[in-house]
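All remarks here apply to the structure that follows.
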Amino acid sequence: MSVLVRLIERASVRKRAADLAEMRALLAPVSGVRLLDVGGGAGAATEQFATGCAEVVVLEPNRKKVGQGRKFRPTIRFEEGRAEEIPFPDATFDRVTAVVAFHHIEDQGRALREMRRVLRDSGRLVLFEMLPSRAPGPIYQWIGGYRHGGHMAFHSPDQLTEKVRAGGFTRVSNRPGALGYFVLATK
Ligand SMILES: C[S@@+](CC[C@H](N)C(=O)[O-])C[C@H]1O[C@@H](n2cnc3c(N)ncnc32)[C@H](O)[C@@H]1O
(Lines give C-alpha, C1' and ligand atoms only; values in the text may rest on other atoms or scores of the structure.)
Protein backbone atom coordinates (compact mmCIF):
# COMPACT_ATOMS: atom_id res chain seq x y z
CA MET A 1 0.00 0.00 0.00
CA SER A 2 1.52 3.31 -0.95
CA VAL A 3 2.29 5.86 1.73
CA LEU A 4 -0.29 8.18 0.18
CA VAL A 5 -3.06 5.57 0.34
CA ARG A 6 -2.23 4.84 3.97
CA LEU A 7 -2.32 8.55 4.82
CA ILE A 8 -5.71 8.93 3.09
CA GLU A 9 -7.00 5.88 4.98
CA ARG A 10 -5.80 7.22 8.32
CA ALA A 11 -7.30 10.67 7.72
CA SER A 12 -10.59 9.15 6.62
CA VAL A 13 -10.83 7.00 9.76
CA ARG A 14 -9.89 9.93 12.01
CA LYS A 15 -12.52 12.17 10.41
CA ARG A 16 -15.17 9.48 10.97
CA ALA A 17 -14.13 8.50 14.50
CA ALA A 18 -17.46 9.44 16.12
CA ASP A 19 -19.54 7.54 13.55
CA LEU A 20 -17.29 4.49 13.64
CA ALA A 21 -17.53 4.43 17.46
CA GLU A 22 -21.33 4.63 17.17
CA MET A 23 -21.25 1.83 14.59
CA ARG A 24 -19.32 -0.29 17.07
CA ALA A 25 -21.87 0.41 19.80
CA LEU A 26 -24.76 -0.52 17.50
CA LEU A 27 -23.09 -3.75 16.40
CA ALA A 28 -22.05 -4.91 19.88
CA PRO A 29 -19.12 -6.98 18.58
CA VAL A 30 -18.86 -9.66 21.24
CA SER A 31 -17.16 -13.02 20.99
CA GLY A 32 -19.24 -15.48 19.00
CA VAL A 33 -20.50 -12.83 16.58
CA ARG A 34 -19.70 -13.34 12.88
CA LEU A 35 -19.72 -10.08 10.93
CA LEU A 36 -19.71 -9.35 7.20
CA ASP A 37 -18.70 -5.85 6.04
CA VAL A 38 -19.92 -5.33 2.47
CA GLY A 39 -17.78 -2.95 0.42
CA GLY A 40 -15.30 -2.79 3.27
CA GLY A 41 -12.37 -1.70 1.10
CA ALA A 42 -9.01 -2.60 2.65
CA GLY A 43 -10.63 -2.83 6.10
CA ALA A 44 -9.43 0.44 7.69
CA ALA A 45 -12.92 1.34 8.94
CA THR A 46 -13.88 -2.30 9.56
CA GLU A 47 -11.14 -2.81 12.12
CA GLN A 48 -12.39 0.24 14.06
CA PHE A 49 -15.89 -1.15 14.64
CA ALA A 50 -15.58 -4.92 14.32
CA THR A 51 -12.61 -5.87 16.48
CA GLY A 52 -13.84 -8.31 19.11
CA CYS A 53 -16.07 -10.34 16.80
CA ALA A 54 -15.36 -14.06 16.48
CA GLU A 55 -14.98 -13.67 12.72
CA VAL A 56 -14.77 -10.55 10.56
CA VAL A 57 -15.14 -10.83 6.79
CA VAL A 58 -14.79 -7.98 4.28
CA LEU A 59 -16.45 -8.44 0.91
CA GLU A 60 -14.88 -6.12 -1.64
CA PRO A 61 -14.96 -6.06 -5.47
CA ASN A 62 -11.72 -4.08 -5.88
CA ARG A 63 -8.93 -6.66 -6.16
CA LYS A 64 -6.23 -4.17 -5.21
CA LYS A 65 -7.99 -3.28 -1.94
CA VAL A 66 -8.51 -6.98 -1.19
CA GLY A 67 -4.77 -7.52 -1.64
CA GLN A 68 -3.92 -4.55 0.58
CA GLY A 69 -6.34 -5.74 3.25
CA ARG A 70 -4.90 -9.26 3.26
CA LYS A 71 -1.40 -7.87 3.57
CA PHE A 72 -1.96 -5.31 6.31
CA ARG A 73 -4.95 -6.66 8.29
CA PRO A 74 -4.39 -10.38 8.76
CA THR A 75 -7.06 -10.75 11.46
CA ILE A 76 -9.76 -9.87 8.90
CA ARG A 77 -10.75 -12.30 6.15
CA PHE A 78 -11.03 -10.58 2.74
CA GLU A 79 -13.16 -12.00 -0.06
CA GLU A 80 -13.35 -10.56 -3.54
CA GLY A 81 -16.95 -10.10 -4.65
CA ARG A 82 -19.99 -7.87 -4.98
CA ALA A 83 -22.98 -7.24 -2.75
CA GLU A 84 -25.30 -8.42 -5.51
CA GLU A 85 -23.84 -11.95 -5.30
CA ILE A 86 -22.45 -12.62 -1.83
CA PRO A 87 -20.25 -15.73 -1.97
CA PHE A 88 -21.46 -17.27 1.31
CA PRO A 89 -24.21 -19.77 2.18
CA ASP A 90 -27.53 -18.76 3.78
CA ALA A 91 -27.49 -17.71 7.45
CA THR A 92 -23.69 -17.44 7.76
CA PHE A 93 -23.51 -14.12 9.67
CA ASP A 94 -24.92 -12.50 12.82
CA ARG A 95 -24.26 -8.97 11.56
CA VAL A 96 -24.01 -7.43 8.11
CA THR A 97 -22.73 -3.90 7.59
CA ALA A 98 -22.00 -1.53 4.73
CA VAL A 99 -20.26 1.76 5.52
CA VAL A 100 -20.55 4.46 2.84
CA ALA A 101 -20.65 1.60 0.34
CA PHE A 102 -24.39 1.16 -0.28
CA HIS A 103 -24.61 4.16 -2.63
CA HIS A 104 -22.00 2.51 -4.90
CA ILE A 105 -24.04 -0.67 -5.36
CA GLU A 106 -25.69 -0.80 -8.77
CA ASP A 107 -28.50 -3.26 -7.99
CA GLN A 108 -29.42 -2.25 -4.45
CA GLY A 109 -32.59 -4.38 -4.27
CA ARG A 110 -30.65 -7.49 -5.16
CA ALA A 111 -27.90 -6.57 -2.69
CA LEU A 112 -30.44 -6.24 0.14
CA ARG A 113 -31.88 -9.67 -0.69
CA GLU A 114 -28.36 -11.08 -0.57
CA MET A 115 -27.56 -9.35 2.73
CA ARG A 116 -30.77 -10.76 4.21
CA ARG A 117 -30.04 -14.24 2.87
CA VAL A 118 -26.59 -14.48 4.50
CA LEU A 119 -27.90 -13.21 7.86
CA ARG A 120 -29.13 -15.74 10.39
CA ASP A 121 -32.67 -15.32 11.79
CA SER A 122 -32.79 -12.27 14.08
CA GLY A 123 -29.42 -11.17 12.67
CA ARG A 124 -28.83 -7.44 12.39
CA LEU A 125 -28.12 -5.18 9.42
CA VAL A 126 -26.46 -1.80 10.07
CA LEU A 127 -25.88 0.58 7.17
CA PHE A 128 -24.08 3.89 7.39
CA GLU A 129 -24.71 6.32 4.57
CA MET A 130 -24.18 9.93 3.57
CA LEU A 131 -27.07 12.35 3.22
CA PRO A 132 -27.81 13.34 -0.39
CA SER A 133 -27.16 16.96 0.64
CA ARG A 134 -23.57 15.96 1.57
CA ALA A 135 -23.01 13.89 -1.55
CA PRO A 136 -19.70 14.76 -3.20
CA GLY A 137 -19.59 17.25 -6.06
CA PRO A 138 -18.68 16.28 -9.64
CA ILE A 139 -14.88 16.42 -9.22
CA TYR A 140 -14.87 14.27 -6.10
CA GLN A 141 -17.45 11.96 -7.72
CA TRP A 142 -14.99 11.48 -10.55
CA ILE A 143 -12.13 10.72 -8.13
CA GLY A 144 -14.42 8.60 -5.93
CA GLY A 145 -15.66 6.72 -8.98
CA TYR A 146 -12.10 5.92 -9.93
CA ARG A 147 -11.27 4.63 -6.42
CA HIS A 148 -14.55 3.00 -5.40
CA GLY A 149 -16.55 2.20 -8.57
CA GLY A 150 -18.45 4.55 -10.82
CA HIS A 151 -22.03 4.13 -9.65
CA MET A 152 -23.40 6.49 -6.97
CA ALA A 153 -27.05 6.72 -5.84
CA PHE A 154 -27.71 8.52 -2.54
CA HIS A 155 -30.93 8.25 -0.50
CA SER A 156 -32.46 10.23 2.31
CA PRO A 157 -32.74 8.32 5.62
CA ASP A 158 -36.48 7.73 5.04
CA GLN A 159 -35.95 6.54 1.47
CA LEU A 160 -33.26 4.07 2.49
CA THR A 161 -35.36 2.90 5.46
CA GLU A 162 -38.21 2.18 3.04
CA LYS A 163 -35.88 0.36 0.65
CA VAL A 164 -34.56 -1.86 3.45
CA ARG A 165 -38.12 -2.60 4.60
CA ALA A 166 -39.08 -3.50 1.02
CA GLY A 167 -36.09 -5.87 1.05
CA GLY A 168 -37.89 -8.00 3.66
CA PHE A 169 -36.23 -6.73 6.86
CA THR A 170 -38.20 -6.00 10.06
CA ARG A 171 -37.77 -3.44 12.87
CA VAL A 172 -36.25 -1.00 10.38
CA SER A 173 -35.30 2.41 11.73
CA ASN A 174 -32.83 5.20 11.13
CA ARG A 175 -30.88 7.60 13.31
CA PRO A 176 -28.57 10.50 12.62
CA GLY A 177 -24.80 10.23 12.86
CA ALA A 178 -22.17 12.97 12.82
CA LEU A 179 -21.33 12.85 9.10
CA GLY A 180 -24.25 10.76 7.84
CA TYR A 181 -26.95 8.46 9.15
CA PHE A 182 -27.49 4.87 10.23
CA VAL A 183 -30.21 2.47 9.11
CA LEU A 184 -30.79 -0.46 11.46
CA ALA A 185 -32.81 -3.56 10.64
CA THR A 186 -33.39 -7.15 11.71
CA LYS A 187 -33.90 -10.28 9.63
C1 LIG B 1 -16.33 4.78 -0.19
S2 LIG B 1 -15.66 3.16 -0.17
C3 LIG B 1 -15.94 2.71 1.54
C4 LIG B 1 -14.96 1.68 2.03
C5 LIG B 1 -15.12 1.32 3.52
N6 LIG B 1 -16.42 0.77 3.79
C7 LIG B 1 -14.87 2.52 4.41
O8 LIG B 1 -15.81 2.97 5.05
O9 LIG B 1 -13.72 2.98 4.46
C10 LIG B 1 -16.93 2.20 -1.00
C11 LIG B 1 -16.52 0.76 -1.27
O12 LIG B 1 -17.62 0.05 -1.88
C13 LIG B 1 -17.08 -0.84 -2.83
N14 LIG B 1 -18.14 -1.25 -3.79
C15 LIG B 1 -18.48 -0.65 -4.96
N16 LIG B 1 -19.44 -1.37 -5.58
C17 LIG B 1 -19.73 -2.44 -4.77
C18 LIG B 1 -20.62 -3.56 -4.87
N19 LIG B 1 -21.43 -3.72 -5.90
N20 LIG B 1 -20.62 -4.46 -3.87
C21 LIG B 1 -19.79 -4.32 -2.79
N22 LIG B 1 -18.94 -3.27 -2.65
C23 LIG B 1 -18.89 -2.34 -3.63
C24 LIG B 1 -15.93 -0.06 -3.46
O25 LIG B 1 -15.01 -0.88 -4.15
C26 LIG B 1 -15.34 0.64 -2.24
O27 LIG B 1 -14.30 -0.10 -1.64
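The values are calculated or read from the model by the stated rules, or taken from the named source; none is laboratory data. Keep in mind it's a predicted model, so treat the numbers as computed, not measured. Please note: Cβ atoms are built from the backbone with ideal geometry, for glycine as well, and neighbour counts cover all protein chains shown.
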Report summary line: Taking the range 43-68 and keeping only residues that are outside any strand (DSSP E or B) and under 20 Å from residue 17 (Cβ atoms), one is left with 43, 44, 45, 46, 47, 48, 49, 50, 51, 52, 53
Query - Extreme residue, modelled with the lowest pLDDT, among residues of the range 20-31 that are in contact with a helix residue (DSSP H, G or I) (Cβ under 9 Å, 6 or more places away or on another chain) and of a type outside the set (Gly, Ala, Ser) - result: 29
Report summary line: Note: among 33, 5, 66, just one is surrounded by 21 or more Cβ atoms within 10 Å (Cβ to Cβ) and among the hydrophobic types (A, V, I, L, M, F, W, C), namely 66
Query - Of all residues in the range 76-102 being more than 12 Å from the ligand (Cβ to nearest atom) and not in a loop (DSSP other than H, G, I, E, B), the one that is surrounded by the fewest Cβ atoms within 10 Å (Cβ to Cβ) - result: 77
Report summary line: Here the residues within the range 155-187 that are under 17 Å from the mean Cα position of the chain (by Cα), among the hydrophobic types (A, V, I, L, M, F, W, C) and part of a helix (DSSP H, G or I) are 160, 164
Report summary line: Within the range 1-48, the residues that are farther than 16 Å from residue 77 by Cβ, more than 10 Å from the ligand (Cβ to nearest atom) and within 13 Å of the chain's Cα centre (by Cα) are 24, 27
Requested in this report: Look at the range 46-100 and say how many of its residues are aromatic (Phe, Trp, Tyr) and modelled with pLDDT under 95.
Outcome: 1
**Report entry** Among the residues listed as 58, 66, the single one being of a type in the set (Val, Ile, Thr), within 14 Å of the ligand (Cβ to nearest atom) and in contact with a helix residue (DSSP H, G or I) (Cβ under 7 Å, 6 or more places away or on another chain)
**Finding:** 58
Query raised in the report: Does any residue in the range 1-23 that is of a type in the set (Asp, Glu) come within less than 8 Å, Cβ to Cβ, of a residue that is within 10 Å of the ligand (Cβ to nearest atom) six or more places away or on a different chain, and which pairs are these?
Result: 9/42; 9/44; 19/128
